[in-house]
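What follows is a single structure, written as structure tokens, with notes after it.
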Amino acid sequence: MQNQFLPFQLPKKVAASLALLLVASLGCLSISSCSTVKEYQKNKLNDSEMVLSNRKIEKTELSFLSYREGASGANAGKSGGGCGCN
Amino acid sequence: MKKITLSILALYIGVLAVFSQSKPNSDSAYRQRKLTFAEANIVSSYYSQDGNNSAITGGIGTEKLTDFSNSFSIKLTRVDKKWRKHSFDAELGIDNYTSASSDRIDMKANSSASYNDTRIYPSLNWTMEDDKKGLTWGAGASASREFDYFSFGSQVNVAKKTKNRMGEFGIKLFTYLDNLKLIYPVELRTGSFIPRGEDYPMAARNTFGSSFSYNQIINAQFQISILADVILQQGYLSLPFHRVYFSDNSVHLEQLPDSRLKLPISIRASYFAGDHLILRGYYRYYRDDWGLSAHTISLEPVIKPTAFFSVSPFYRLYAQQATRYFAPFQQHTAANTYYTSNYDLATFTSHFYGAGLRIAPPNGILGWQHLGALELRYGHYSRSNNLMSDIVSVNLTIK
């Protein structure tokens, strides 16, 4: 898949897998529920490493990435505030 | 038969006794409402970078920088009369950095005051979870101060679970109101740009944003999150000490528009494969009205030989298309209205990889019950325009 923003060529299989993952996820969302999980079945979902956000140890990483790169936000680094000048 | 009936009756009474809630007496209710310590975290990081495209010297010159960062956070919780859980998070962070390029604001000085600085950033956050209604409310305030910059941030957020509690919608509104000192390169300080002692002219930079999220549990091992932000920045968005050299070798201050609209959208997924492996994935597409666009993909398998120990190698790929205002050293001309030679806004690809390690034994680190978890993480970053950096972080959780 050649993309004007990607300075490399993504292998077709990888691109297809990513597209499939996105479509499957969105498809799943469009259904009211994928499967109901009871509270007592959530031990794996509640594992501290399953968290759907950034962890405390990533704080400085995300800070420097938001300074060194033009993109920010959508849960990967701060999107404003602070100088970013160093 | 009599025995079986009596046994079933005893079992029934036992089940009732377990599941029926006795009315709490005033003493236990009081204890529930007391503010209690949940956890504290100490995070320290050391960051070191080097490159040869500093914007302070017009897109050429050293980008050598080190940053030693420390933060301490504490979380307290209490349950109110309506059994809603309140969490209070307080954090204080202190960074100390040295920057060889900042030292070049004055090209003639061997070493200037700009060489190093300290940033202090406190924050306070409150969250209220109403489990009965599936509602979460939150608010927070933060500040950040360094020699030439002051930022004040605030945010409010609300999240509502779906009827079957498998999904959750969230909205966050946030703002950063910043003030920066206009410290210009020494040779460009003329007229009103000349500081009186430490009294530099000031400029404002404001950020207004909204963040929308939807989390969905797919099954007992898999969950995803979709996020989209709309962020508007207004004010002085250039940096006053960034030089730009035109093709005629004349030197100018960086000029960027006074407004920037950012639109990032992302998807994050966590999948527990079997009993010892978690796969974490993240993809983001970003676009703004300066013409900058970017793709970010990151993958992090977490290998858990036991519930108390994990190793997590990670890899992040980032590909950026430059803003229309970027050009390298001596490529801009007087015909350009806006111009920058900041390579952070150039076209490049970056790779960030490393590994993390987490230990959380049930009876505490080294047998000390209060030391809940210890995490170590190292990462190496390389950018296609020759910037390289390394970062090592430690997180100690006290419970």
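Bear in mind these aren't lab numbers, they're just calculated from the coordinates by the rules spelled out. All figures in this text were calculated on a predicted structure; none of them were measured in a lab. Positions of Cβ are backbone-derived with ideal geometry, glycine not excepted, and every protein chain shown enters the neighbour counts.
Does segment B:228-369 classify as rounded, prolate or oblate by the C-alpha gyration tensor (a ≥ b ≥ c root eigenvalues; a/c under 1.5 gives rounded; else a/b over b/c gives prolate, otherwise oblate)? Each step should come with its number before you reach the end.
Values: a/c = 3.04, a/b = 2.63, b/c = 1.16.
Cα axes put segment B:228-369 in the prolate bin.
What do you get for chymotrypsin sites (Phe, Trp or Tyr not before Pro) in segment B:353-396 restricted to DSSP loop and a cutoff of at most 11 other Cβ within 10 Å of the site's Cβ? Walk me through the numbers before you get to the answer.
Numbers: sites: B:TYR353, B:TRP368, B:TYR378, B:TYR381; in loops: B:TRP368.
Here the sparse-neighbourhood loop sites are B:TRP368.
What length, rounded to one decimal in nm, is gained on full extension from B:GLN331 through to B:ILE94, with 0.36 nm per residue of separation minus their alpha-carbon distance?
On the way: separation 237, 0.36 × 237 = 85.32 nm, distance 3.85 nm.
Roughly 81.5 nm would be gained on extension.
Let me know the charge dipole size of chain B about its Cα centre in debye, to the nearest 20, where only the beta-carbon of Lys, Arg (+1) and Asp, Glu (-1) is charged. Could you put the intermediate results ahead of the total?
On the way: 42 positive and 33 negative charges, 492 e Å.
Using only the charged Cβ atoms, the result is roughly 2360 debye.
Running a GNM on chain B with Cα contacts under 10 Å, which residue among B:ARG119, B:ARG280, B:ARG165 ends up with the highest mean-square fluctuation?
Looking only at B:ARG119, B:ARG280, B:ARG165, the biggest GNM fluctuation is shown by B:ARG165.
Distance cut-off 25 Å, Cα to Cα: go down the list A:LYS59/B:LYS262; A:LYS59/B:LYS399; B:LYS75/B:LYS161; B:LYS85/B:LYS262; B:LYS132/B:LYS172; B:LYS75/B:LYS163 and report the pairs above it. Could you put the intermediate results ahead of the total?
Numbers: A:LYS59/B:LYS262 21 Å; A:LYS59/B:LYS399 20 Å; B:LYS75/B:LYS161 23 Å; B:LYS85/B:LYS262 34 Å; B:LYS132/B:LYS172 21 Å; B:LYS75/B:LYS163 29 Å.
Beyond 25 Å: B:LYS85/B:LYS262; B:LYS75/B:LYS163.
What list do you get for B:THR175, B:THR296, B:THR306 if you sort them by fewest beta carbons within 10 Å? Can you show the working numbers first?
Values: B:THR175 16, B:THR296 24, B:THR306 10.
Least to most surrounded, the residues fall as B:THR306, B:THR175, B:THR296.
So, with +1 on the Cβ of K and R and -1 on the Cβ of D and E, and no other charges, what is the size of the charge dipole of segment B:128-232 about its Cα centre, to the nearest 20 debye?
Working: 12 positive and 11 negative charges, 102 e Å.
Dipole magnitude for segment B:128-232 comes out near 500 debye.
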